[in-house]
Structure formats: structure tokens, C-alpha cells
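Beneath this line is the structure, given in C-alpha cells, with notes to follow.
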Amino acid sequence: MNEFRIAIVGAGPAGYFAAQALQNSQTDELKIGIDLFEKLPTPWGLVRTGVAPDHPKIKSVSKVFEKIASEENFRLFCGVEIGVDISITELQQKYDAVIIATGSAVGKKLGIPGEDLSGVFSAAEFVPWYNAHLEFVDLPVQLDSEVAVVIGAGNVAMDVARILAIEPSELDATDTSLTALSALHNSKIREVHLFARRGPEHAAFTSPELRELPKLEHTDVYLDKDEVEAALERVTSAGEIPKDLNSNLEAMLAIAQAPKKNVPRSLHIHFLSTPTLISGDKQVHGITFQINQIQDGKVIATDQTMTIACGLVVSAIGYEAKEISELPLENGRVVNVNGRVSAGLYVVGWAKRGPSGVIGTNKSDSTEVVALIVADLTTPKEKSDISELLVSRKIKFIKQTDWSKLNEAEVEAGQAAGKPRIKFTDRKQIDSVLEVTQ
Ligand code: NAP
């Protein structure tokens, strides 16, 4: 019987699904030990720090992660940063294969003047801010103006716009960061404007997310009916409409036609507007858009512009992989062929294919790469346990049993406040709950 050890870097959905696929690949002749490394003290990646707090059902996949973690061949090492505490070369010396599952943590830049002003954020900062990510919990977010602008027509832009536009008490029974929740309760924002650079037919929103909008109790959502009808006409004249696109356009029509409640909070969705300039002194005061039109199926610029005064801009226009020493990156992704980076080094998830798909997409993606890895395995290496190296470097790693304690403590703290959990954001508090090993 062959016994291999495989390291996975990054404890988000792609990492856990890779671990699950490795577990499922075991046979009487093939045993695989799995060590999952995570730089934060807590696992679950985007399920903890990306998914919107008012979408708790999506987070129930964490039960699958904990089931994977409960298997005998699985070990968790949180608080260990690969590329800083341990190099990829060192990992490769200690494992038969290394799988990178570090996602896409850096927000793409708009590349327009004014992007560095105070009050301008990327969704890569803003989303982890409201989700109590340790590195972003203190982001200097000020919600003291009446108007906020969100750039992008994907589900992340939609999440950000919704979180800013809803009545904050709707978040009281969620695991929103307590800091962000307090800021949202004191927020002066009453109008949120979301801008897409192309037409309704090109938007990357998905229809379940659009269909939620008219149901918001304390927020009116505005979208121009004529624009959606024009989009419907364009796509119908081009042939049969794909099912998902039809569903999206129908959901947009439903938003446009929904009776308004005439409440003080509103969310406005605009199309065919490309941001060109963010203005302000130190703080953002406004943003200018070039107005586009669609001609012969192509989006083209007009000579019209439009400026909106605002005190907050969040761009949600996609993500890129963060640099890790020794890891080749190109176009925001780890350079790979079907998940193979180089001998013994693999990549899965958003770091492999870019930031696309829902959480479940990572399951099939990781399963495909793990099939390649298992086929590549030959003879197990002679190697010593990584724990010795971590201890010798005085790295305070957090094991699965430690994380279970923290997980329970967060849930317990949440129960008392009528929330699913309260995420701890203070390292001292985390350390005292964990009673870290070394
Ligand atoms: P996305 O779906 O790729 O959307 C990115 C948006 O940014 C597009 O509308 C794109 O417009 C726009 N954009 C790109 N560059 C731009 C620029 N320079 N100026 C203006 N707009 C620009 O990405 P995402 O929203 O970050 O989401 C990532 C993935 O996570 C997606 O697969 C998404 O569905 C998923 N997700 C799912 C959920 C959920 O299931 N509830 C929630 C959040 C995220 P163009 O099309 O014109 O390029």
C-alpha cells in the first residue's frame, strides 16, 4: 500500500473540495494524508468572509467542510502563511504534491483618476470589512454622505449595493461584523446607485439575486423599464434567447414594474455608463461617467457624460490572485495547464481559473484537478512532519480542535445576541479562546 501526503494551501471552498476529492480517491492500495494550510486563524475562506451576511443559506456548505475536516486523514493548520512562514519549495520537500487554493484576493483597478481618494474602495476590501475579516475589519469606511455609488454588474456589486441600501436592522440577526453593523446603523446613506458599463443583456447578475430586490421591505429599487425592453428587443431580434438571459431580463422587468413603497431608502440600477473620473479633494465628492449606447450589437461611447455627487464609491469589477513568492502569475491567475503548475505543484479554484462561478463550481473544478494529481502520484517521498518545522520556527498554528473551540465560542456568543455567530475580530480574544498550542 502507498501512503502519500498532500498539502493544500488556502482553506476556502476550492481547498476543502480538493481535500474531499482526495478523500474520495483513497482505496485499499492508496492512502492520502491531507494537511490544509490557511494564513488566517479561521478557515472557510469566502464562505466566512465573502458570502453576504443576509444570505445565510449559502453558508450552510460549511457543514460539508467540517465533515471533510472530521475525517482521520485530515489536518488543519490555520495561522500559517505560505510564502512567508514556509516557502512553497519547503512544502514540496515535505509533501508528494502541493495544491494552491488561495483564490483571488486582490480587487481589479478601474484605472481612472481619483481611485486613490478616501472613500473609494474595492469590493475586495469592502466585502471583507462587513464580513469581519481580520485584515479589513478596521477599514476606514465612512457612511456619512447621502449617496453611495457601486461600480459593476455582477453578484458582488449587487451584494455591496444591497448591504448599503437595506434597513440595517435587517442585518441584526446575521453575522455581519459588529463594527460594520454599527456603522450601517449610523449610516446617512439613503440612495445607492449601481452602474454597469454595458446593457441589461450583458449584466453578470444572476436571476435569483435580481428577484430578491423587489421583495426588500424598506428599500425601493429602480431600474428603467424602457432600457430592459430595448435589451429584450435586441436579443430577440438576434435569435432565440438563452434561458438564463431570459430569466435575468424578466427579473429586471419585474424590478422596473414593481410598485414602489415610497420609503426613504432606494437602490438605482443604471446601464451603459463607464466611469471615467472620480473627483474630490482628499475625500471623494463625485464620479463622472461616459454614457454609452448599443449599435449593431456593440457598446460604443457617446459624447455625453454624467456626474453624480457621492461620498462613497465601491468598485466590484472582478478580482486577481494575490502574489505568493515562487508562484507564477499571469492575467491575475496562477499559470497552469488544467490545474498543473509544475512537477508536484497544482492549482484549483479562482487562483486557477479566475473569479467565476458559484461555490459549487469549485467542487467539479477541484475534483478534475485531483484526478490529475492522483494519476501523477508515483512513489511516496521520504519526509518529516511539517509540525516540527512549524514548532522550530515558533509559528503559532491553529489545529482543527482549536478551530472547533473558536467556532463553538462564536456560535455561543451569537446565540445570546440572536445571531448565527459573532465573529471574533480581536486576535487577543481569539488567542484566549484557542489556548494556542505553543
Ligand atoms: P463578475 O460576475 O465577473 O462581474 C464583474 C462585473 O464588473 C461585470 O459586470 C463587468 O462588466 C464589470 N467590470 C469589469 N471591469 C470593469 C470596468 N473597468 N468598469 C466597469 N465595470 C467593469 O464578478 P463578481 O461580481 O466579482 O463575481 C465573481 C463571481 O462570484 C461570479 O461568478 C459571481 O456570480 C459569484 N458570486 C455569486 C454570488 C451568489 O451566488 N449570490 C454572490 C457573489 C459572487 P463587463 O461584463 O462589461 O466586463
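One residue is enough: does region 195-210 have a residue meeting the conditions within 19 Å of residue 258 (Cβ to Cβ), touching a residue at least 40 places away in the same chain (Cβ under 8 Å) and away from the ligand (no atom under 16 Å from the Cβ)? No, region 195-210 contains no residue that is within 19 Å of residue 258 (Cβ to Cβ), touching a residue at least 40 places away in the same chain (Cβ under 8 Å) and away from the ligand (no atom under 16 Å from the Cβ).
Does residue 391 satisfy being of a type in the set (Val, Ile, Thr), surrounded by fewer than 21 Cβ atoms within 10 Å (Cβ to Cβ) and touching a Lys or Arg at 6+ places or on another chain (Cβ under 8 Å)? So residue 391 fails the test. Restricting attention to region 400-417, the residues that are farther than 20 Å from residue 72 by Cβ and of a type in the set (Val, Ile, Thr) total 1. Determine if region 85-101 includes at least one residue that is modelled with pLDDT of 95 or more and within 16 Å of the ligand (Cβ to nearest atom). Checked region 85-101: at least one residue is modelled with pLDDT of 95 or more and within 16 Å of the ligand (Cβ to nearest atom).
Evaluating residue 176 against the criteria (1) hydroxyl-bearing (Ser, Thr, Tyr); (2) within 16 Å of the ligand (Cβ to nearest atom); (3) crowded, with 21+ Cβ neighbours inside 10 Å; (4) under 24 Å from residue 261 (Cα atoms) leaves one unmet condition, (4).
Kindly provide the set of residues from region 361-384 that are of a type outside the set (A, V, I, L, M), in contact (Cβ under 8 Å) with a residue 60 or more places away in the chain and not in a helix (DSSP H, G or I), ordered by number. The answer is 379, 380, 381, 383, 384.
Determine if region 250-261 includes at least one residue that is touching a Phe, Trp or Tyr at 6+ places or on another chain (Cβ under 7 Å), buried (at least 17 other Cβ atoms within 10 Å of the Cβ) and on the phi < 0 side of the Ramachandran plot. Give the steps one after another, and end with the answer.
Kept after step one, since they are touching a Phe, Trp or Tyr at 6+ places or on another chain (Cβ under 7 Å), are these residues of region 250-261: none.
No, every residue in region 250-261 fails to be touching a Phe, Trp or Tyr at 6+ places or on another chain (Cβ under 7 Å), buried (at least 17 other Cβ atoms within 10 Å of the Cβ) and on the phi < 0 side of the Ramachandran plot.
Figure legend. Inter-residue proximity from region 291-302: first residues within 10 Å of residue 272 (Cα to Cα), second residues of a type in the set (Lys, Arg), beta-carbon distance below 6 Å, spacing 6+ or different chains. Indicated pairs: 299/198. Of the residues making up region 278-299, those that are crowded, with 16+ Cβ neighbours inside 10 Å and within 16 Å of the ligand (Cβ to nearest atom) are 278, 287, 288, 289, 290, 292, 294.
Could you pull out every one of the strands (runs of 3 or more DSSP E) wholly within region 222-341 that has 2 or more residues that are among the acidic types (Asp, Glu) and under 24 Å from residue 113 (Cβ atoms)? It would help to see each step written out before you state the result.
On the way: elements: 265-270, 273-280, 284-295, 298-309, 312-315.
Qualifying strands (runs of 3 or more DSSP E): none found.
The values are calculated or read from the model by the stated rules, or taken from the named source; none is laboratory data. Everything numeric in this text was worked out from a predicted model, so none of it was measured. Reconstructed Cβ throughout: ideal geometry from the backbone, glycine too, with neighbour counts over all protein chains shown.
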